[in-house]
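To start, the structure under review is shown below, and the notes come after it.
Derivation of every value follows stated rules applied to the coordinates shown; laboratory data play no part. Keep in mind that what you see is a predicted model, and the values were worked out from it rather than measured. Note: ideal-geometry Cβ built from the backbone for every residue, glycine included; neighbour counts use all protein chains shown.
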Amino acid sequence: MKLALINLLPTTAKVPFIRVRFMALGLSALVLLFSLFEFANVGINFGIDFRGGIQAEVETSNNTTTEDLRTLATSLDLGDPRVQGAGNSDPERQTFLVSLPLQPGEGMEGEQANQTARQALQEALASVEGLELRGTTVIGGAVSRELIFTGFTAIGVALFLMLIYIWFRFEWQYSVGAIVALIHDVIATVGMFSVTQMTFDLATVAAILTIVGYSMNDTVVVYDRIRENLRKYKKMPLADVLNLSINDTLSRTILTSATTLVALISLYLIGGASLQGFAFAMIWGVLIGTYSSIFVAAPLLLFTNVQREGTQSGA
Amino acid sequence: MLYFGRWKLLSIILVVLLGILYTVPNMVPEEERYTISDIDGSREARGIWRWLPSRTINLGLDLQGGSHIVFEVDMDEVRTAQLEGLAADSRQTLRNEQLLPRSVSVIGDEVVVLMIRPEQRDQALEQLQTLNGPVTTEFGGPSLAQMYRMAADPNDPGAIRITVTDEQFAAIKNRTLSQAITVIRRRIDGLGTTDPTIARSGEDRVLVQVPGAEDPQEIIDLVGTQAALSFHMVDSTIDPGPNGQARTPPGRTIYPVANTQPVQYLAVETRQLLTGENLTNSNVTTHPSYSGPVVGFRFDTQGALVFGDVTANNRGRQFAIVLDGEIISAPRINEPILGGSGVIGGGYTYETASQLVILLNAGALPATLTPVVQYTVTPSLGHDQIESGKLAIIIGFALVIVFMLAAYGVFGAFSVAALLVNVVLILGGLSGLGMTLTLPGIAGIILTIGMAVDANVLIFERIREESLNGRTPANAIQAGYERALAAILDANVTTFIAAAVLYLLGAGPVRGFAVTLGIGIITSVFTAFVFSRLLAVLWLRGFKPKQLPI
């Protein structure tokens, strides 16, 4: 029994990916420029992890609005509050995140002030009818700076280790292509968070690291095939080998991306408010990672002039 | 690739069985698995669970509710206290040798000793070196444990500068943190909550996790209080002034009196007669002189002697009990108290008295602790999060199954079986290794389900290709597994690197994501490459197909 899906994914596809490389690279360049522009101009909406401060998660069963909560939080006179609605699987109820900025004060004094502010916020929220306090978070100034530092170090370290790994497994021409593709993915994700103003927190960093791993995974599969085909078809022009290899692995690429996306969409829709940002970043990352393996990582090999085994000197 | 020896087969079955054995306890209610003691809540495995793994997955605080608080020890305060102690010791040492300093003061990170007569400086320096303990070994080499570095100031003929060495300060920090953890543990244990975690976090922080705690303030009050207790004689000849701002002669200190409106002040002798260290046991009790509950305490032998002497010699005077810079009690001595016990009373409720008892019994913290991170989730939110996580896993899994069956038919079924075993191994692994499952951890499981089929897809695509190239089914399967291996390993190593970096550098719940992702990668390589291959081989033997349905 053959199902329709199989026929949608021909085993011998001949899509001319490489022919559109200039268009694809141009598009990527545009996306990256736009991402950097948005990042510089609008910036990222950092979550409580990186911003520091006080946050309370509340659930209401009546028509309490963002405005009501903002008025309440403003009346505490503890800095400019933010109130954000979040998804709730129960349509009768609403979830809100109410946050206050880091409280002024040097060192431990500021940390104490944060706790006092948290208590004040907690008490004020408790007075609202039909409101249930579901959790509080306080991140001190020093800790939030540490988290930013470790978060970005983690991304840097992961990229570096990927570079080392790919360098061991393939020749340098491949590593350049792979790393450019990864940086492409990271910048495009940061750009996406600038455009949508989704909250960027520790979970987003986790998502970016996973995207890096996933995109690398995709790239490696294509590269593996390129290397194999270069050995197999010694006379075929490089562009044709690249195109053939992408097509060879195309149905695998599509299927894996599809199953991963399906799982992530389930997470996005059902997994609850706390995981939505993570799922969103991952969905975008899988799309961009798949795109970059085909349209960035592979065509770049044409520019780095990848060597065929037997013809290269040394190594 | 197609041949499985007996031992190989057995070990595959064993791994899968172990996975199942470790997963099953998670589906059986706790009462079925354990006899829970009514007296102390301790658990003992019962029935067949005595012979089987009975442990379940630890749920993170975000899934069971509770408070996660990181306290920072004020190391500046510790350093200052250290330097002040050093200054006092230096003064004493010099006095003992009749070498009179003009001043001994703490300036920044140093103790500066100024001699009245500069020509005494070398002699003073020599005497001060004794504070370092034996500075030279028998052979004249430097001692290993230099506590202080001291030197004559080249620009000031009468000055000596002393600093605490970095090694010594590191040792002090270390000791302070260990002491703090011990005291915190005793205090939290006094609360009687189940399974609290108290652990060191970095150089100067302590992590406290209390499952089930809904209000972090309770824990902050309990842990953030230093509880330094001391006993002093009151000096009623000094008027503390309306705001306690009066100038005091040396050796006298003014403290506010707790629970007074407007705040009253008393001047006391700075010298501590006794401290909290001298207490052996405290409890909540009643006393005829007070209406509410009081805190009863008992001194150790030495404390009882001192207290007996003091009370015998100071009849009619007042003494003060000072807790963290506040006078909590200032009774008048009516008669000598020789039994070594007493009460602190006045204005306590049962709760506040119990809290003080916990603090006194646990002892004082060596320094001030301030919360720098606080994360609290109510049990109801935790419950909702785990339920929605479960649902997301089930639905994600179901959709992936549909996809794989649609794309690969029979082989799709192998990969679904492999995926099922994969999830079982992840859950079993988490239970068996005693790992903690957090909300991001659930995300890691869902992601693994989505990505784990990748290895299967790589293999099946290869098999399909080889089959189209005209190979026999057995040959095609053989070649498919063989050729896909390199790509599978490469691909998984990269994701594993990402998970490892996240685990090593990540903080808090995000680490849980790295754990499930990491375990998931290992199990998915096993299930795709070993388990699904076994299924394919068994199928090949059983059905002997002429053509691959792929």
Would you calculate, for chain B, the mean residue ellipticity at 222 nm contributed by helices, counting each DSSP H stretch of 4 or more residues as -39,500 (n - 2.57) and dividing by all residues, to the nearest 500? -16500 deg cm²/dmol
Most to least packed among B:337-350, B:54-67 [average Cβ atoms within 10 Å]: B:54-67, B:337-350
Averaged over A:143-151, how many beta carbons belonging to a partner chain fall within 10 Å of each residue's beta carbon? 3
Note on the stretch B:225-374, DSSP bridge orientation, antiparallel percent to nearest 5 equals 95 percent
Residue separation between B:ALA199 and B:ALA170 times 0.36 nm, minus their alpha-carbon distance, gives in nm 8.6 nm
What is the mean number of Cβ atoms from other protein chains located within 10 Å of the Cβ atom of each residue in peptide B:189-202, rounded to a whole number? 0
Among A:THR60, A:LEU301, A:ALA279, flag the residue with its Cα farthest along the positive direction of the charge dipole of chain A, charges on Cβ as +1 for Lys/Arg and -1 for Asp/Glu. A:LEU301
B:THR275 to A:SER127: FRET efficiency via 1/(1 + (r/R0)^6), r the Cβ-Cβ distance, R0 41 Å, to the nearest 0.05? 0.45
Which of B:PRO336, B:TYR350, B:THR378 sits closest to the plus end of the dipole of the stretch B:294-414, meaning its Cα is farthest towards the positive end, when Lys and Arg get +1 and Asp and Glu get -1 on the C-beta? B:PRO336
Between B:ASN96 and B:TYR290, what length in nm is gained on full extension when 0.36 nm per residue of separation is reduced by their alpha carbon distance? 65.0 nm
What nm distance separates the two modelled labels at A:THR153 and B:GLU30, each placed 7 Å from Cα along Cα→Cβ? 3.8 nm
On average, how many beta carbons from a partner chain sit within 10 Å of the beta carbon of a residue in A:117-128? 1
At 222 nm, what helix-only mean residue ellipticity would chain A give, in deg cm²/dmol to the nearest 500, using -39500 (n - 2.57) for each DSSP H run of four or more? -21500 deg cm²/dmol
In terms of Cα to Cα distance under 26 Å, which lysines are near enough to A:LYS234, apart from those fewer than 8 places away along the same chain? A:LYS14
The stretch A:53-139: relative contact order in percent, alpha carbon pairs under 8 Å with at least 6 residues between: 43 percent
Pairwise centroid distance, computed over Cα atoms, of the stretch B:221-268 with the stretch B:400-449, Å: 64 Å
If we count every other residue with Cβ under 14 angstrom of B:ARG252's Cβ, Lys/Arg +1 and Asp/Glu -1, where does the sum land? -1
How high is the FRET efficiency from B:ARG161 to B:THR349, r the C-beta distance, R0 56 Å, rounded to 0.05? 0.60
What is the stretch B:225-321's relative contact order, in percent, from Cα pairs under 8 angstrom and six or more apart in sequence? 30 percent
Using alpha carbon centers only, the stretch B:453-489 is separated from the stretch A:104-124 by a whole-angstrom value of 61 Å
Take every DSSP beta bridge with both residues inside the protein assembly as shown and express the antiparallel ones as a percent of the total, to the nearest 5. 95 percent
So, in nm, how far is label A:ASN41 from label B:LEU191 when the simple model puts each one 7 Å beyond its Cα toward the Cβ? 5.0 nm
At a 10 angstrom cut-off on C-beta neighbours, averaged per residue, how do the peptides B:287-294, B:6-13, A:276-283 rank from highest to lowest? A:276-283, B:287-294, B:6-13
Full extension from B:ASP153 to B:GLU77: what is 0.36 nm times the residue separation minus their Cα-Cα distance, to one decimal in nm? 24.8 nm
From the Cα centre of the stretch A:200-272 to that of the stretch B:282-350, the distance in Å is 74 Å
Kyte-Doolittle mean at least -1.0 and Cα extent at least 20 Å along the axis: which DSSP H helices of chain A qualify? A:21-41, A:107-126, A:141-169, A:172-196, A:202-232, A:250-270, A:273-292
So which DSSP H runs in chain B come out at 24 Å plus along the axis (Cα) with average Kyte-Doolittle of at least -0.5? B:6-23, B:166-191, B:379-432, B:439-468, B:473-505, B:510-526
What residues qualify as long-range amide H neighbours of B:TYR148, i.e. H under 5 Å apart, gap of 5 or more or another chain, H built at 1.01 Å from N? B:THR165
